[in-house]
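Read the structure below first, then the notes.
The values are calculated or read from the model by the stated rules, or taken from the named source; none is laboratory data. Computed from a predicted structure; not experimentally measured. Here the Cβ is made from the backbone with ideal geometry for all residues, glycine too, and neighbour counts use every protein chain on show. Note: areas computed on protein heavy atoms with side chains; ligands, DNA, RNA excluded. Shrake-Rupley method; radii C 1.70, N 1.55, O 1.52, S 1.80 Å.
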Amino acid sequence: DVFRAFSLANKAMFMQRKKMLQNTGKFTADDKITWFPFQLAFFVQEVISFAQPTATERNKVDLLWFPTGGGKTEAYLGIAAFAIFLRRLRNEENSNGVTVLMRYTLRLLSFQQFERASALICACEIIRKAQHIPGGEISIGLWAGLSLTPNKIEKADKILRGEKDEDAPSSNPAQFEKCPWCGEHISKSDYSCDLKNKRMTIRCGNPSCEFSAGLPVYLIDEEIYKYTPTFIVSTVDKFAQIALNSD
């Protein structure tokens, strides 16, 4: 299970990296897509902490300290993919729900990281379907402040229909302007809200994209609470509010 999860995580990381390079016209060859040594070393070092929850390694906090732009994000995204697949391979009947919870201090940084993580989650979901990995949809959610996205599906629906949210004028459910997988432009018309099922669907306008029927992405608090995405990117203020809000 550990080896297969490691292999699947590497496959997902390769797929999302290749797709991003293709989308930006920078792809040259498969063998040019490789780990940096420090990334792979960090990944392998952390495997035992997830593979053996009772191991003494769990008593340590490992800090990855590297310059901005050096590749830290890819290192921990690889570990995130490993944890997601390992949980599903080991706990077939109880593999859904939140596996990764990531916290940031700044909303802008949160969304930047969210976009990068979304590409990986798309790759993981494609692999899940193709290889019949146990569990339901592998998904990602953005759990951020009201000034970024509305908390309720009804509010999201109103904003998408052109109404203003007087409580939070900057709140906008249409955060994605392009598909995180194929890079196709996404307009407001590609967003739709199902008020009954508390779900906002974001469709890619590219009919050949694997996510033309809807991305595995959750942006509204209400749907995050209901559907519990696999990977959640959050801002620190949301954690601070937990003790103050009973609902």
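So, Arg58, is that one of a type in the set (D, E, K, R) and either surrounded by 14 or more Cβ atoms within 10 Å (Cβ to Cβ) or touching a strand residue (DSSP E or B) at 6+ places or on another chain (Cβ under 9 Å) (or both) or not?
No: the conditions fail for Arg58.
Checking the structure you have, find out if any residue of segment 59-72 is under 30 Å from Lys178 (Cβ atoms), assigned to a helix (DSSP H, G or I) and among the charged types (D, E, K, R). First the steps, then the outcome.
Step one: filter segment 59-72 for residues under 30 Å from Lys178 (Cβ atoms), giving 64, 66-72.
When the remaining residues are screened for being assigned to a helix (DSSP H, G or I), the result is 72.
Imposing the further condition that a residue be among the charged types (D, E, K, R) reduces the set to 72.
Among the residues of segment 59-72, at least one is under 30 Å from Lys178 (Cβ atoms), assigned to a helix (DSSP H, G or I) and among the charged types (D, E, K, R), which makes the answer yes.
For the subset of segment 147-167 comprising residues that are among the basic types (Lys, Arg) and assigned to a helix (DSSP H, G or I), which member is farthest from the chain's Cα centre (by Cα)?
The extreme case among them is Lys158.
Can you confirm whether Ser170 is farther than 30 Å from Ala83 by Cβ, of a type in the set (Ser, Thr, Tyr) and open to solvent by 30 Å² or more (accessible area, probe 1.4 Å)? Show your work before the answer.
On the way: farther than 30 Å from Ala83 by Cβ: yes; of a type in the set (Ser, Thr, Tyr): yes; open to solvent by 30 Å² or more (accessible area, probe 1.4 Å): yes.
For Ser170, the condition - farther than 30 Å from Ala83 by Cβ, of a type in the set (Ser, Thr, Tyr) and open to solvent by 30 Å² or more (accessible area, probe 1.4 Å) - is met.
Can Asp30 be described as modelled with pLDDT of 95 or more and surrounded by fewer than 13 Cβ atoms within 10 Å (Cβ to Cβ)?
On the way: modelled with pLDDT of 95 or more: yes; surrounded by fewer than 13 Cβ atoms within 10 Å (Cβ to Cβ): yes.
Taking the combined requirement at face value, the residue satisfies it.
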